[in-house]
Amino acid sequence: MPTHRLGIIMHGVTGRMGMNQHLIRSILAIRAQGGVALSNGDRVMPDPILIGRNAEKMEALARAHKIERWGTDLDRALANDEDTVFFDAGTTQMRPQLLAKAIRAGKHVYCEKPIATNLNEAVEIARLAQEASETRGIKHGAVQDKLFLPGLRKLDMLRRAGFFGRMLSLRLEFGYWVFEGDLQPIQRPSWNYRSEDGGGMILDMMCHWRYVLDNLFGEVKSISCLGTTHIPERWDEAGRPYKATADDAAYAMAELVGHQGEPVIAQLNMSWATRVRRDDLVTFHVDGTHGSAVAGLTDCRAQSRVTTPRPVWNPDVRQTMNFYEQWQEVPDTQFYDNGFKIQWEHFIRHVVEDAPYKWTLPEGAKGVQLVEAALQSWQERRWIDVPPLSV
């Protein structure tokens, strides 16, 4: 079967996420496996060109991974008709303008989240992409990687099988201790803790939680959120102290409408100032009338109605039950590939053979909508409704 070339302009892939997840574990992994298989048996081989502002970094990255094409001139790259896809993993502040430029140049666009720092810009770029799709066949997508995590795929299988019965609630716990930088080296970029540079827990993670909630548990109808900056001073990559101006933790509740119309209550705790004592860096605990489940990044454990134990409350006696042992592990029944790679393969098929694809820029705009609702709730100290988003 023939193999077709697909030229991809990759912008902003010198950062941790862009380099590791999108370049190395997605595009290069796809090339190593012989491309993406199409429905007719043909294959598509991505041919990336790396674009960024720092020539030295671009050349070093390209050489390290045996990539022939790299450059610093984005306009020139966009003018090349042989490269038809533009991908952005750069700064959120620049993203709407870069996507708009690429769309106007006739490129299909795919990007990291958030797709913008505010809802007006998110809706504007989503509408531009929709219009280009309708008039010129431009394809567009936003990264929604957590839907492809093994743990959440197992959780979704339980949901689709009716395991939970009527879903009641979700408790999401996310986070870990990010070193301040004075005693131990930081493990996250310093810009994450400066609001002027696009940092902040709510902006970063609410975009993720929106698509996870909508797709797996229920449509978000309203939210109440409290953000905070627990660690007011941090040290940057050069060891210099700076004031943390962005929120490093948020605590929220959301009202959802479940897939069968049932009300679902979601508690969302997220913090870069917490020490982990749970199964994983993020856990999703779902309770339903017929069963409960707890999923992490890769594993999922369930407890059905008929296997639910009978604990007895007695504060005068040491607890004898080991509650962790009372759950059954949902087994691996298939190979779980890298989530970013899976979505890249979906998008490539969407571009080349118009395969169905629902993770579009309007879906990315919904994430920014929840960000703004959460920030408004924090500022005004009240519940905020989240109406259907018109794009």
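Rule-based calculations on the coordinates, nothing more; no lab input. Just so it is clear, the model here is predicted, and its values are computed rather than measured. Counting neighbours? That spans all protein chains shown, and the Cβs are built from the backbone with ideal geometry, glycine included.
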Rh_Kirkwood(the range 153-253) over Cα pairs, Å, one decimal, evaluates to 15.7 Å
Given the range 314-370, what whole percent of its Cα pairs are spread farther than 17 Å?
68 percent
Length released on extending from H259 to E233, taking residue separation times 0.36 nm less the Cα-Cα span
5.1 nm
Across K146/K366; K101/K366; K139/K358, pairs whose alpha-carbon gap is larger than 19 Å:
K101/K366
By the scheme Lys and Arg +1, Asp and Glu -1, what is the net charge of all other residues having a beta-carbon under 10 Å from that of E363?
+3
From the C-alpha coordinates alone, can you work out the Kirkwood hydrodynamic radius of the chain, in Å?
22.5 Å
Taking neighbour Cβ counts within 10 Å as the exposure measure, how do F87, F179 sort from fewest upward?
F179, F87
Cβ density ranking, 10 Å radius, fewest first, applied to D332, D83 yields D332, D83
Relative to the compact globular guide of 2.2 N^0.38 Å, what is the alpha carbon radius of gyration of the range 197-270, as a ratio?
1.39
Work through the residues other than Q334 whose Cβ is under 12 Å from its Cβ and net out their charges, Lys, Arg +1 and Asp, Glu -1.
0
Placing one identical point scatterer on every Cα of the range 251-391 and ignoring solvent, what is log10 I(q)/I(0) from the Debye formula at q = 0.12, 0.14, 0.20 Å⁻¹?
-0.82, -1.08, -1.41
What residues qualify as long-range amide H neighbours of G141, i.e. H under 5 Å apart, gap of 5 or more or another chain, H built at 1.01 Å from N?
V109, Y110, C111, L361
Could you tell me what % of all Cα pairs in the range 29-175 have separations over 27 Å?
41 percent
Fraction of antiparallel bridges per DSSP, the chain only, in percent to nearest 5:
60 percent
What whole number of Å gives the distance from the Cα centroid of the range 164-241 to the Cα centroid of the range 94-110?
27 Å
Separation of the range 252-283 and the range 14-70 by C-alpha centroid, Å?
34 Å
Between K243 and D354, Cβ-based FRET efficiency (R0 41 Å, step 0.05) works out to 0.25
Please give the net charge around A29, taking every other residue with its beta carbon less than 9 angstrom from that of A29, where Lys and Arg add +1 and Asp and Glu add -1.
+2
How much length, in nm to one decimal, is gained on full extension between T135 and E196, taken as 0.36 nm per residue of separation minus their Cα-Cα distance?
18.3 nm
Hits in the range 75-95: amide N under 16 Å from the 7 Å Cα→Cβ extension of A55, namely 75-77
If you rank L226, L50 by fewest surrounding Cβ atoms within 10 Å, what's the result?
L226, L50
